[in-house]
1. I'd like the distance between the alpha-carbon centres of region 46-77 and region 78-100, rounded to an integer number of Å.
2. Where does the charge balance sit around residue 160 when Lys and Arg score +1, Asp and Glu -1, over other residues with C-beta under 14 Å from its C-beta?
3. So what J values fall out for region 102-116 if you push phi through Karplus, 6.51 cos²θ - 1.76 cosθ + 1.60 with θ = phi - 60°, rounded to Hz, Gly and Pro as x?
4. In what sequence, highest mean first, do 28-39, 80-91, 96-107, 64-75 appear when ranked by Cβ atoms within 10 angstrom?
5. Given axes a ≥ b ≥ c from the Cα gyration tensor, I'd like to know whether region 1-127 is rounded (a/c under 1.5), prolate (a/b larger than b/c) or oblate.
6. Express in nm, to one decimal, how much length is gained between residue 142 and residue 158 on full extension, taking 0.36 nm for each residue of separation and deducting their alpha carbon distance.
7. Describe numerically, in nm with one decimal, the distance between label points set 7 Å from Cα along Cα→Cβ at residue 102 and at residue 31.
8. Which stretch or stretches of region 25-50 have amide N atoms under 19 Å from the point lying 7 Å from residue 166's Cα along the Cα→Cβ direction?
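What follows is calculated from the coordinates using simple rules that are stated; it is not laboratory data. Just so you know, these numbers come straight off a predicted model, no measurement behind them. Glycine also receives a Cβ, built like all others from the backbone with ideal geometry; neighbour counts cover every protein chain displayed.
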Amino acid sequence: MHRDLADPAKLTDSMRMFRLGLEGGKPKKGETGAQPEWFYKGDGSILAPPEGDLASPAFALDAGEEPEIVGVYVIDGAGTPVRIGFVLGNEFSDHITERQNYLWLAHSKLRPASVGPELLVGELPPDIQGVSRIRRGREVIWERAFLSGEQNMAHSIANLEAHHFKYRLFRRPGDVHVHFFGTATFRSARA
């Protein structure tokens, strides 16, 4: 999706957003960085438990997993977000719908998602490397390495948090937020 970054004539709107992140997504302390592209995944009812099923809706054109780092937050009584920690997650999206029209990108994200059972409390390592696999029974039918952590991200976590939590709607006391921070690795079921 983010090929041909050097040729401005070939930049799609999605590529322009990606480039904005590369150029301004990691601001210096006290500065405001580029606003990231993000999508609302719903009210939490779409979260599947670890090892649970990620059922794709009947109208979906595709079912693709996306391994991502996820931030978990609680909004305190004063309306201040408090990061609890990080987990691994699978965003799961419809990449065929996404590719048909960039305005349908948000629609492609309204799919089930899952987060892992273990929470890392504290700071995220700058370089995270892993392997995502899909198995049918004991057989691995797809496998690809993935990278995450700020060293491998267009935006800093602080910039992502600042832009999300600047909206009052996302600072209601008692709410819990689960943020998927994006990926460079995904699998389309038809790929």
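1. Each part reduced to its Cα centre gives a spacing of 7 Å.
2. -1
3. 3J(HN,Hα) across region 102-116, in whole Hz: 4, 5, 8, 4, 4, 5, 5, 8, 7, 9, x, 8, 9, 10, x.
4. Going from most to least packed, we get 64-75, 80-91, 96-107, 28-39.
5. Oblate.
6. Gain in length upon complete extension: 2.5 nm.
7. Once both label points are built, they end up 2.4 nm from each other.
8. Counting only backbone N, you get 25-40.
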